[in-house]
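The values are calculated or read from the model by the stated rules, or taken from the named source; none is laboratory data. No experiment lies behind these values; they were computed from the predicted model shown. Heads up, the Cβs are rebuilt from the backbone with ideal geometry, glycines too, and the neighbour counts pull from every protein chain shown.
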Amino acid sequence: MSGIVGIINTDGAPVDRDLLLRLTGFLGYRGPDAQAVWIEGHVGFGHTMLRTTDESVNERQPLSLDGSVWITADARVDGRAELRREFGSERIAGLDTVTDVELILHAYRRWDTGCVDHLLGDFAFAIWDGHKQRLFCARDHFGVKPFFYARVGKALIFGNTLNCLRLHPGVSDTLNDVAIGDFLLFQLNQDPATTTFADIRRLPGAHCLTWSAGRIRVNRYWSLPIDGHMRYGRSSDYVDHFKEILRTAVADRLRTNRVAIEMSGGLDSPAIAATAKQILVERGEKFEFQAYTCVYDRLIPDRERHFSGLVAQALDIPINYQAYDDTPLFEPPIRGDVREPEPFYVHAQGTAGADFWKAAAARSRIFLTGWDGDALLNEWPALYFRELLKKGRLTELAAGLAWFMGVARTLPPIGIRTWIKRKLRRYSVRSTYPCWVDPAFELRIDLRGRWMQMNEEPQPIHPYRPKASVQLIVPNWPALFERYDAGLTGLAVESRHPLIDCRLVSYVLAIPPVPWSIAKHLLRVVSAGTLPETVRLRPKAPLAGDPVVELLRGCHQHWLDDFEPSAAFADYVRRDAVPRLAGEADSDRVWVNLRPFILNRWLANAVPFVPSGDAHGHTGMQDRCWVAT
């Protein structure tokens, strides 16, 4: 999670050195190991270093291989050996030990802007090509690493931290009303190319940005593969191939001997933990591997402590439990104390969540997760059965139906329930529109029309993987990853998601969903012999209660209903129409009616943005800086 920032003065004026130093210094919390800037006339890059691999020990950024092409990057390049082979006969000294950022520069030198077609991993980077007077930026395929930019006046500012861009004097605090409306209605901004601020835009995942001759162009370089078709004669071949790719995906994210993992009592993260532990042991080196688990012991019925404990015991790894029972949903805010870049919809309580991250950061800079097996390996089979019937592949259809009925112990879906749900969904959309939306705001951006549009049944992109193909590209994913990002946590910890790997995703989308992607069957088979049977065969089940509802029953949370609206709040919400939260037993209404409070809290404490000296623990340059002339 290194920090990156850059400025281009589009009128050719020299970059303000003090301003770039200030922006870079703000990112010190992201990269405590080194800080530097590079300036050449009207272009300047800043970088703060977080070293997370053996190769990065001697890495320095901003970096150039020839003095003309420069890069600042927050990147981990996967498939390094394969990429080196793609360079072919090109002789590159020390290629086996080069850093990830050097690999990106070599790829750019070899393929120009087409380098993104050869890169795997999580990355956000900016390259200034002095020969072509061109800026080239890219964000990884699934948007794990954030990237923001703003074209204001005669400057283009970019980086991986939204609040950093807000420090530029040309960037205003003017809000993006549509993004605010999206938060109030859907919890998340539905436009992956915008932010809550009118001046600041997001570069969506799998997109690149080019600036040249005064023009900005944003292009998609990768799309979710929907045309893969892989069939084996033996079931064991599907399992072996998946196991091989999963191991590679985990190994590429394990280039260190100090690792933490967010481990639940389910199946996804324990499978990642088992694979990681095996790889670490086989290396024959000393390592530290620690699991962290969020639990409720009294507030709601919750068996995460039990099941995650079984996994930790079976894998022989230490586990740290963070209990949320006595932690309030929110603490009364102190003016200027909220540093969320945008309105953020909490899931776990703020204080407990912060403690969880701090505990992990104290032991490791790498934090593995199990996201998102639910999207990738928990499919609806109806479209697949329909596709087999349409193509006359009756033998496969019969086998799939027999397997499904034997495992699910129910008749296979044939579409009737989907039709009923769609009709009920449309009725539900009309009946649950929030009552507290300000009418003038609603009319100003046609919010009700957007509500109906966004609630239309999404068309499946993949011919028989409707759930995966929708969930893998919706705006929720980048928003999910940004929850793990240092821009929100304020900690120098890099989260890595092995199941969100292009190679693994492409493979799973290419094989038959039945039986492999039904109820995570493939992951269950792969985990045989490594995970406890009670965990491996455990059916997925939601929490037995809603901790937020239970917390709102407590008298210490009543102050949430008495909040004073900020000056801007009335532009969006009718304060007198917001229902009381204390004592509300309906989970859906609680989650909807918390949004006005969260928005008001954010408006009151984050707009305008006035960073304090210890906003993230750092303000100044800690290592070195240079200016190229």
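Side notes on the structure shown:
- Of the listed requirements (1) modelled with pLDDT of 95 or more; (2) over 13 Å from the mean Cα position of the chain (by Cα), Pro498 misses just one: (2).
- Evaluation of Ser264 against the conditions (1) under 28 Å from Trp516 (Cβ atoms); (2) at pLDDT 95 or above shows that the sole unmet condition is (2).
- Members of segment 201-242 found to be assigned to a helix (DSSP H, G or I) and either surrounded by fewer than 16 Cβ atoms within 10 Å (Cβ to Cβ) or among the acidic types (Asp, Glu) (or both), listed by number: Ser235, Ser236, Asp237, Asp240, His241
- Taken over segment 189-242, the criterion of being aromatic (Phe, Trp, Tyr) and closer than 26 Å to Pro341 by Cβ is satisfied by Phe197, Trp211, Tyr221, Trp222.
- Test: residue in segment 8-26 that is under 26 Å from Arg80 (Cβ atoms) and outside any loop (DSSP other than H, G, I, E, B): no
- Looking only at residues in segment 435-444 that are modelled with pLDDT of 95 or more and not in a helix (DSSP H, G or I), the one that is surrounded by the most Cβ atoms within 10 Å (Cβ to Cβ) is Val437.
- Filter result for the condition that a residue is crowded, with 21+ Cβ neighbours inside 10 Å and closer than 24 Å to Asp100 by Cα, over Ala251, Ala276: Ala276
- Residue check, Pro225 out of contact with any Cys (no Cβ under 9 Å at 6 or more places or on another chain), on the phi < 0 side of the Ramachandran plot and not aliphatic (A, V, I, L, M): no
- Scope segment 388-401; condition surrounded by 15 or more Cβ atoms within 10 Å (Cβ to Cβ) and either within 32 Å of the chain's Cα centre (by Cα) or farther than 18 Å from Leu522 by Cβ (or both); matching residues: Leu388, Leu397, Leu401
- Restricting attention to segment 271-302 and to residues that are within 30 Å of Asp546 (Cα to Cα) and of a type in the set (Phe, Trp, Tyr), the residue that is modelled with the highest pLDDT turns out to be Tyr292.
- Number of residues in segment 189-200 that are in a loop (DSSP other than H, G, I, E, B) and either under 23 Å from Arg483 (Cβ atoms) or modelled with pLDDT under 90 (or both) equals 8.
- Being basic (Lys, Arg), surrounded by fewer than 24 Cβ atoms within 10 Å (Cβ to Cβ) and at pLDDT 95 or above is not true of Arg139.
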